[in-house]
């Protein structure tokens, strides 16, 4: 399995090759994805910004996630992840955005939305938004957040190399 630094470098290089910038919209990771990208020296040429939208109000205010979506589906849903990614695209100069929303634990889970549930979305200008659901094994908050970062980077890289 590739390390987070290597995945971050590959995503940045794919952005350079595609001549686009990247942005993130993060809830359960609290900015870890953008932190990994900006840990790489020289990343400022392709990293535009990161939105940390931990609360529902932040999701609505910063990304334009609709209150109706949050009421109908909840913050941890494919619908919300998709709106987060699309909102980050609208509110940035990025050509690709990575969005995550989930339950990292240790509490907060329910039978329908267990600890380890994370929804991912990748939005790119001119393409349909890609949304995926993952349920990570509950090996603790740090594990779930790290695997969320890894999966988001992999999804972004796959989207860029497929386009």
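The values are calculated or read from the model by the stated rules, or taken from the named source; none is laboratory data. Predicted, not measured: the structure shown is a model, and the values here were computed from it. Cβ sites come from the backbone with ideal geometry, for glycine too, and all protein chains shown count toward neighbours.
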Given (1) within 28 Å of residue 45 (Cα to Cα); (2) touching a helix residue (DSSP H, G or I) at 6+ places or on another chain (Cβ under 7 Å); (3) buried (at least 19 other Cβ atoms within 10 Å of the Cβ), where does residue 125 come up short, assuming only one miss? (3)
With respect to residue 145, is the statement that it is under 20 Å from residue 37 (Cα atoms) and in contact with a helix residue (DSSP H, G or I) (Cβ under 7 Å, 6 or more places away or on another chain) true? yes
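Results for (1) in contact with a strand residue (DSSP E or B) (Cβ under 9 Å, 6 or more places away or on another chain); (2) touching a residue at least 60 places away in the same chain (Cβ under 8 Å); (3) closer than 19 Å to residue 39 by Cβ, shown as yes or no for each residue.
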site	(1), (2), (3)
118	yes, yes, no
139	no, no, no
149	yes, yes, yes
153	yes, yes, yes
158	yes, no, no
162	no, no, no
Provide a single number: the residues in the range 1-29 that are in a loop (DSSP other than H, G, I, E, B) and either touching a helix residue (DSSP H, G or I) at 6+ places or on another chain (Cβ under 6 Å) or surrounded by 15 or more Cβ atoms within 10 Å (Cβ to Cβ) (or both). 5
Working only within the range 35-92, note down all residues that are in a strand (DSSP E or B) and either in contact (Cβ under 8 Å) with a residue 60 or more places away in the chain or farther than 18 Å from residue 15 by Cα (or both). 51, 52
Could you run through the range 55-65 and say how many residues are in contact with a strand residue (DSSP E or B) (Cβ under 8 Å, 6 or more places away or on another chain) and surrounded by fewer than 20 Cβ atoms within 10 Å (Cβ to Cβ)? 2
Looking only at residues that are surrounded by fewer than 18 Cβ atoms within 10 Å (Cβ to Cβ) and part of a loop (DSSP other than H, G, I, E, B) in the range 130-163, which one is modelled with the lowest pLDDT? 163
Scan (1) surrounded by 14 or more Cβ atoms within 10 Å (Cβ to Cβ); (2) modelled with pLDDT under 95; (3) in contact with a helix residue (DSSP H, G or I) (Cβ under 9 Å, 6 or more places away or on another chain) for the single condition residue 108 breaks and write down its number. (3)
Given 100, 47, which one is closer than 22 Å to residue 128 by Cβ and touching a helix residue (DSSP H, G or I) at 6+ places or on another chain (Cβ under 6 Å)? 100
